[in-house]
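J.: First, the structure itself, so that you have it in front of you.
The values are calculated or read from the model by the stated rules, or taken from the named source; none is laboratory data. In this text the structure is predicted, and so the values were computed from the model without any measurement. As a convention, Cβ positions derive from the backbone with ideal geometry for all residues, glycine included, and neighbour counts pool all protein chains shown. These accessible areas exclude ligands, DNA and RNA; they are computed on the full protein's heavy atoms, side chains included. Shrake-Rupley method; radii C 1.70, N 1.55, O 1.52, S 1.80 Å.
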Amino acid sequence: ERDDRGGGAQPRFVALLPSRGVMTPDGAWEVPPGMHVIWLPYADDMRELALEPTPKPEPAAVEAAVKVVRGLRGEWAPHVFENPALQQHYQNLQALALDRDTIDKVKDVVKPDDQFFEDHAGAIDEFSKAVLPPDFDLAAALAAPTS
């Protein structure tokens, strides 16, 4: 296929990869079917990369990471999390439409659950000690400016 965005845009060749949809048990589309557009490179886009070998992790670090990941698993569905700013906007509109003096505050369910992380603090600390150098200063790393 050829993708031509019109005007002065440079034409690019693309590959279209059909994707099957995923349906829920009740027959609704969880992920609808569609097409993936894969941009094909020009000949001068192809180059040799000099990749350095990556170090192998220590078995203790792998075990600590497995504990953290197993502890953080849970039921997650993206449609459950609502945009708190948008929900607050809806509350404001509802209060205006119903001529209310007070506006209900929206609970932000997107923020991390502090109690959950407190419950798994041991596994997270174990992972940090296994992966980070002994002289690592978290406070200094958090205070350092990022680029």
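J.: In whole Hz, with x marking every Gly and Pro, tabulate ³J(HN,Hα) for the stretch 125-130 from phi via Karplus 6.51 cos²θ - 1.76 cosθ + 1.60, θ = phi - 60°.
T.: For the stretch 125-130, the Karplus-derived couplings read 5, 4, 5, 4, 5, 6 Hz, x marking Gly and Pro.
J.: Another question about this same structure. If you place +1 on the Cβ of every Lys and Arg, -1 on the Cβ of every Asp and Glu, and leave all else neutral, what size is the dipole of the stretch 1-134 about its Cα centre, to the nearest 20 Debye? Kindly include the intermediate steps, with their values, before the conclusion.
T.: Details: 14 positive and 23 negative charges, 55 e Å.
Dipole about the Cα centre, nearest 20: 260 debye.
J.: When the accessible area of the stretch 22-136 is split by element with a 1.4 Å probe, what percent falls to carbon and sulfur?
T.: 59 percent
J.: Per residue, how much accessible area does the stretch 1-146 have with a 1.4 Å probe, in Å²?
T.: Working: 13100 Å² over 146 residues.
With all protein chains present, the stretch 1-146 gives 90 Å² per residue.
J.: How charged is the neighbourhood of Ala65? Take every other residue with its Cβ under 11 Å from the Cβ of Ala65, and add Lys/Arg as +1 and Asp/Glu as -1.
T.: Working: positive: Lys67, Arg70; negative: Glu58, Glu63, Glu126.
Every neighbour counted, the sum reads -1.
J.: Considering the chain as a Gaussian network with a 10 Å cut-off on Cα pairs, which listed residue, Arg73, Arg47, Arg20, attains the greatest mean-square fluctuation?
T.: Of Arg73, Arg47, Arg20, the most mobile in the Gaussian network model is Arg20.
J.: Okay, moving on. Most fluctuating residue of Leu17, Leu86, Leu132 in a GNM of the chain with Cα springs under 10 Å: which is it?
T.: With Cα springs under 10 Å in the chain, the top fluctuation among Leu17, Leu86, Leu132 is at Leu17.
J.: Hey, with R₀ at 22 Å, roughly what FRET efficiency would Ala77 and Asp99 work out to, going by the Cβ-Cβ distance, to 0.05?
T.: Numbers: r = 36 Å, r/R0 = 1.63.
For R0 = 22 Å, the calculated efficiency reads 0.05.
J.: Which FRET efficiency value, to the nearest 0.05, do you get for Ala61 and Trp29 by plugging their Cβ-Cβ distance into 1/(1 + (r/R0)^6) with R0 = 41 Å? Please report the intermediate quantities before stating the final value.
T.: Details: r = 40 Å, r/R0 = 0.98.
Calculated transfer efficiency: 0.55.
J.: Using the Karplus curve 6.51 cos²θ - 1.76 cosθ + 1.60 with θ = phi - 60°, work out ³J(HN,Hα) for each residue of the stretch 42-47 in order, rounded to whole Hz, and write x for Gly and Pro.
T.: Per-residue couplings from phi come out as 7, 4, 7, 7, 7, 8 Hz.
J.: Could you work out the helix-only [θ] at 222 nm for the chain, with each DSSP H run of four or more residues adding -39,500 (n - 2.57) and the total divided by the number of residues, to the nearest 500 deg cm²/dmol?
T.: Values: 5 runs with 51 residues, N = 147.
Roughly -10500 deg cm²/dmol at 222 nm, from the helical runs in the chain.
J.: Let me check I've understood the local charge: for Ile124, count other residues with C-beta under 11 angstrom from its C-beta, Lys and Arg +1, Asp and Glu -1. What total comes out? Each step should come with its number before you reach the end.
T.: Values: positive: Lys67, Lys129; negative: Glu118, Asp119, Asp125, Glu126.
The answer is -2.
J.: With volume of the Cα convex hull per residue in Å³ defined as stated, name the option among (i) 142; (ii) 125; (iii) 345 computed from the structure displayed.
T.: (iii)
J.: May I ask you to derive the FRET efficiency for Glu48 and Gln10 from their Cβ-Cβ distance with R0 = 22 Å, giving the value to the nearest 0.05?
T.: Computed FRET efficiency for Glu48 and Gln10: 0.35.
J.: Of the residues Glu118, Glu30, Glu82, which exhibits the maximal mean-square fluctuation in a Gaussian network model of the chain defined by a 10 Å Cα contact cut-off?
T.: Glu30
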